[in-house]
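Coordinate-derived values only; no laboratory data. Nothing here was measured: the structure is a model prediction, and the numbers come from that model. All Cβ positions, even for glycine, are placed from backbone atoms using ideal geometry, and neighbour counts span all protein chains on display.
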Amino acid sequence: MVQDNLSISSREEATVSKIEGAQALLAHEVASLQSGEDWKRFLDFQSQLHSYSANNVMLIASQHHEAFKNGLVSEPTPSFVAGFHTWKALGRQVDKDQHGYSILAPCRYDRKIAVDGSGERRELRRGDRLSDSETLERQKVLAGFRVEHVFDLSQTSGKEVPIGPLPSLLEGEAPFGLGSSVADVIESHGFHVDTVVNSLAIGGANGQTIPEAKMVVIRDDMDDAAMVKTLIHEAAHVILHTTFPGSRFPRHVMEVEAESVAYVVASAHGMPTDSYSFPYVAMWAGEDASNVVASTQQRVAKVAKEIIVASPAPHGSGGKATGADVAIANAQQRRAERELERSQSKDQALAVGL
């Protein structure tokens, strides 16, 4: 029993060592990447572009793919997207004969709410006034949508656009058993795992977690290693971001946490994801990368450990020499045998004395 406890303890220490080492490397490489001048130019440029909802991403992706099939754009997936006037402000013009992609822009209005000292609330209609005991709150209310048009970078010409380092998909096979164990972890949290034919089905992403449907979907046109890495990323979303408080986190923090978990777990299994994870985390972390990565490390470590422990695939020794556990166990066994021999010798001596 002592040996079993020691073995469990040593395995836990090895896992912690692996996690800490991977986190330190991730933080260092991401900070180095985003501190470069080219990366700063890219971030400055990106900050001027709009962000879009998941539904609008799907609209943009499908319209762009159609434009690609018709020979109007050179790439099958969109890159940077902005409105006509935004591109103009960035020093670029929309090319002749290019058509904008329709998106749905929300129309919101301010709802005025009167709140008294006891917390009672009432909506203020036109002409209503606050009483002396009330304070005014404003709520943004969705009244509907209007259609707007945006253009992809490939539909414009002009001032050069700084391009940040782009994540590249992994190739080859993942360690045997890792993918199925990650799927089991996801399902243990009440989510179902499924696949889609390609990224266009999920708005250009490699994977997606859909909390309201309790579902994780992964595109199945990637290599096994890329699919498993994506599955780990989505598992982190399931564990960290589908319940409070993680569900309230800003999107960039969610993505940094999920990809950090993917990097740590993959690294622990000898499956390096540097070429994908470093640029991905740097892109989402932005100019404050070091602080964002550091602030998420405890949560990342906890989830990474949950996934690693569940994996039947070999996941490294945490820096220990090969065979160390066996050598320690053998030494303990020999020590126990010597103690038993000494004890028996004493018993024999006492018996002779009697």
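Structural remarks
- Here the residues ASP110, ASP116, ranked from fewest to most Cβ neighbours within 10 Å of their Cβ, fall in the order ASP110, ASP116.
- Sequence-separation-based contact order of the stretch 81-158, relative, with Cα cut under 8 Å and 6+ spacing, percent: 48 percent
- Each of MET215, MET227 was scored by other Cβ atoms within 10 Å of its Cβ. Arranged with the fewest first, they read MET215, MET227.
- The spacing between the stretch 274-297 and the stretch 116-169, judged by their C-alpha centroids, is 27 Å.
- With both residues required to sit in the stretch 191-239, DSSP beta bridges show an antiparallel share near 45%.
- In this structure, the pairs whose alpha-carbon distance is over 32 Å, taken from LYS69/LYS159; LYS140/LYS229; LYS88/LYS229; LYS88/LYS214, are LYS140/LYS229; LYS88/LYS229; LYS88/LYS214.
- Charge tally in the Cβ shell below 10 Å around GLY172, where Lys, Arg are +1 and Asp, Glu are -1, GLY172 excluded: -4
- Anisotropy class of the stretch 174-277 from Cα gyration tensor, a/c 1.5 cut: rounded
- Packing around the peptides 237-243, 65-71, 121-127, taken as the average count of other Cβ atoms within 10 Å per residue, puts them in this order, highest first: 237-243, 65-71, 121-127.
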